[in-house]
Amino acid sequence: MNRLIFKLIIVILCAVLLGIAIPLDAGYVVIKYNRFEYQSSFWISLAILGATAFTIWLCYVLIGLFFQLLGKVNPLSFERKQKLGELGLRELAEGNWANALKHLSKAVKTHQPSLSYYLGAAQAANELAEYSKSDTFIEQACNFAPKAKLSIGLTFARLLMARQDYARALSVTKELYDIKPNHPSVIQLLYTIYLQQENWAAIKNILPPLRKYKLLPDNTLVKLEQYVWISLLKESYTANKDQPVLAKEQLTTAWNSLPANAKEDYHLLEVYIQQLCSLGGYQEAEQVLQKHIDKNYSPELVYLYGQIEGNDNNQQIANAERWVDKHNNDAILFLTLGKLCQRSQLWGKAKEYFEKSIALQRSPEACLELAGYLGQRGEIQKSNQLFQESLQKFHLSLQTMRPE
């Protein structure tokens, strides 16, 4: 507003000055060149010069408007193609694949195309299952922007995954990983492909960068790590189960490759012990479990220890009795001792340990074990009572576990 007022003031001052100057002196202009001669007053000459400049400016404006109008109407114009590109990207975002492909295909033919037009056209063609066209646009994008290999490669890998062509997607992503091994998007994509392929050995190798760049929530990452380790242990067994010796070596190798904190995980240790026992490695399983209990005592490990039939059951009993000194209030420890004594036919000690376990915690399993022992000894009434109690407890535990 202030600038407009300033311009009006300037125009008024110029008009006033002209009004004063013109009556004072009309002036005189003479232009003569060869046979051409022009004579007129100064002010008329100035008016002719101004009118000529205005005419030139008006022609310039009209020509610009004409070409602008021509660009809106002419389907081959650069501006028209640029607007088709913008329209195609909008249609791509809206999921209108056919129109997006149509418009973006035209937009890439301009003298100044955009990389987003090539990638958008490739995505639209991919969604329409026109895979050869999609690959062609990706190739054209590489030629158009050779320095944008990362963004083009990520787009192409995702398109291949959408086709469920995981082998090619992995090949493309590995090339990107060789170039940018620390790029979060590349690592994330690599993880997604490996997860789809259930390639746990490969996922194990990218667990550190997944954690470093926080590409997964902490709780998800913890569960993933556990699942990866368990899967690797199981695979080492199943891949060679027809060759027990080799399977045992592979299982031991897989276990030794785990980080120290993973070996302390109860679920991992349970899988390892189960696999060892299935291959006849009872002695090794018992020794591994004993060392873990000595180092980091837990009722879950003690219970698992009671499931193993080692080479020397009496030694197992001695090991378990040694733990009683520090854990004489653990019902599971006494239950385990009862089972071990029962296995060695030490009936009196077995009964004593079952009774101690029940005194600390009337678990259904301890009641059932003692009921079985008493039934064999002819104490039918007491055996039936414990048996009924164990059934009721099992039934209640199943009800609490049942989803609502």
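The values are calculated or read from the model by the stated rules, or taken from the named source; none is laboratory data. If you're wondering where the values come from, they're calculated on a predicted model, not measured in any experiment. Cβ coordinates were reconstructed from backbone atoms using ideal geometry, including for glycine residues, and neighbour counts include every protein chain displayed.
Restricting attention to the range 299-308, does a residue exist that is within 21 Å of ILE230 (Cβ to Cβ), touching a Leu at 6+ places or on another chain (Cβ under 9 Å) and hydroxyl-bearing (Ser, Thr, Tyr)?
Among the residues of the range 299-308, at least one is within 21 Å of ILE230 (Cβ to Cβ), touching a Leu at 6+ places or on another chain (Cβ under 9 Å) and hydroxyl-bearing (Ser, Thr, Tyr), which makes the answer yes.
With closer than 24 Å to PHE354 by Cβ, surrounded by fewer than 18 Cβ atoms within 10 Å (Cβ to Cβ) and in contact (Cβ under 8 Å) with a residue 24 or more places away in the chain as the only criterion, which of ASN296, ASN314 stands out?
That would be ASN314, the only listed residue that is closer than 24 Å to PHE354 by Cβ, surrounded by fewer than 18 Cβ atoms within 10 Å (Cβ to Cβ) and in contact (Cβ under 8 Å) with a residue 24 or more places away in the chain.
Considering only residues that are buried (at least 17 other Cβ atoms within 10 Å of the Cβ), in contact with a Pro (Cβ under 8 Å, 6 or more places away or on another chain) and of a type outside the set (A, V, I, L, M), which ones fall in the range 265-281?
Result: no residue meets the conditions.
Among what's in the range 171-211 and is of a type in the set (Lys, Arg) and more than 18 Å from ALA262 (Cβ to Cβ), pick the residue that is surrounded by the most Cβ atoms within 10 Å (Cβ to Cβ).
The extreme case among them is LYS180.
To keep it simple, each residue is scored yes or no on (1) at pLDDT 65 or above; (2) in a helix (DSSP H, G or I); (3) more than 30 Å from THR136 (Cβ to Cβ).
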| site | (1), (2), (3) |
| --- | --- |
| LEU4 | yes, yes, yes |
| ILE20 | yes, yes, yes |
| GLN39 | yes, no, yes |
| ALA51 | yes, yes, yes |
| TYR60 | yes, yes, yes |
| LEU70 | no, yes, yes |
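Enumerate the pairs (first residue in the range 270-288 and within 14 Å of SER231 (Cα to Cα) and touching a residue at least 40 places away in the same chain (Cβ under 8 Å); second residue anywhere and of a type in the set (A, V, I, L, M) and part of a helix (DSSP H, G or I)) with beta-carbon separation below 6 Å, excluding pairs fewer than 6 apart on the same chain, so at least 6 apart or on different chains.
What qualifies is VAL271/ILE230; VAL271/LEU233; GLN275/LEU251.
Are there any helices (runs of 4 or more DSSP H) wholly within the range 91-165 with 2 or more residues that are out of contact with any Lys or Arg (no Cβ under 7 Å at 6 or more places or on another chain), within 24 Å of LEU189 (Cα to Cα) and of a type in the set (A, V, I, L, M, F, W, C), and if so which?
Ranges flagged: 115-127, 131-144, 149-162.
Does LEU170 satisfy the criteria of being over 20 Å from HIS103 (Cα atoms), assigned to a helix (DSSP H, G or I) and in contact with a Lys or Arg (Cβ under 8 Å, 6 or more places away or on another chain)?
no
For every residue, the table says whether it meets (1) in contact with an Asp or Glu (Cβ under 8 Å, 6 or more places away or on another chain); (2) free of Cβ contacts under 8 Å to residues at least 12 places away in the same chain; (3) part of a helix (DSSP H, G or I); (4) farther than 25 Å from TRP229 by Cα.
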residue: LEU246; (1), (2), (3), (4): no, yes, yes, no
residue: ALA262; (1), (2), (3), (4): yes, no, yes, no
residue: ALA320; (1), (2), (3), (4): no, no, yes, yes
residue: HIS327; (1), (2), (3), (4): no, no, no, yes
residue: THR336; (1), (2), (3), (4): no, no, yes, yes
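Identify, from the list SER397, SER390, the residue that is modelled with pLDDT under 85, under 52 Å from the mean Cα position of the chain (by Cα) and surrounded by fewer than 17 Cβ atoms within 10 Å (Cβ to Cβ).
Being modelled with pLDDT under 85, under 52 Å from the mean Cα position of the chain (by Cα) and surrounded by fewer than 17 Cβ atoms within 10 Å (Cβ to Cβ) holds for just one of SER397, SER390, which is SER397.
Checking LEU268 against (1) more than 25 Å from HIS327 (Cα to Cα); (2) within 30 Å of the chain's Cα centre (by Cα); (3) among the hydrophobic types (A, V, I, L, M, F, W, C): exactly one of these is not met. Which one?
Answer for LEU268: the failing condition is (1).
Could you count how many residues in the range 338-355 are more than 25 Å from LYS295 (Cα to Cα) and either within 49 Å of the chain's Cα centre (by Cα) or not in a loop (DSSP other than H, G, I, E, B) (or both)?
10
Restricting to the range 252-283, what's the tally of residues that are among the acidic types (Asp, Glu) and under 19 Å from LEU207 (Cβ atoms)?
Counting residues in the range 252-283 that are among the acidic types (Asp, Glu) and under 19 Å from LEU207 (Cβ atoms) gives 2.
Do you know which of the residues in the range 359-378 that are more than 49 Å from the chain's Cα centre (by Cα) and surrounded by 15 or more Cβ atoms within 10 Å (Cβ to Cβ) is farthest from ASN328 (Cα to Cα)?
GLY375
Write out, first by first residue and then by second, each pair whose Cβ atoms fall under 7 Å of each other, whose residues are 6+ apart or on separate chains, and whose first residue, in the range 188-214, is under 13 Å from GLU225 (Cα atoms) and modelled with pLDDT under 95 while the second is part of a helix (DSSP H, G or I) and charged (D, E, K, R).
These pairs meet every condition: TRP200/GLU235; LEU207/GLU225.
Can you run down the residue pairs with Cβ atoms below 6 Å, 6 or more apart or on separate chains, where the first is in the range 355-372 and of a type in the set (Val, Ile, Thr) and the partner is crowded, with 17+ Cβ neighbours inside 10 Å?
Pairs found: ILE358/ALA366.
Across the range 336-353, which residue is surrounded by the most Cβ atoms within 10 Å (Cβ to Cβ) among those that are under 13 Å from ALA366 (Cα atoms) and basic (Lys, Arg)?
For the range 336-353, the residue satisfying everything is LYS339.
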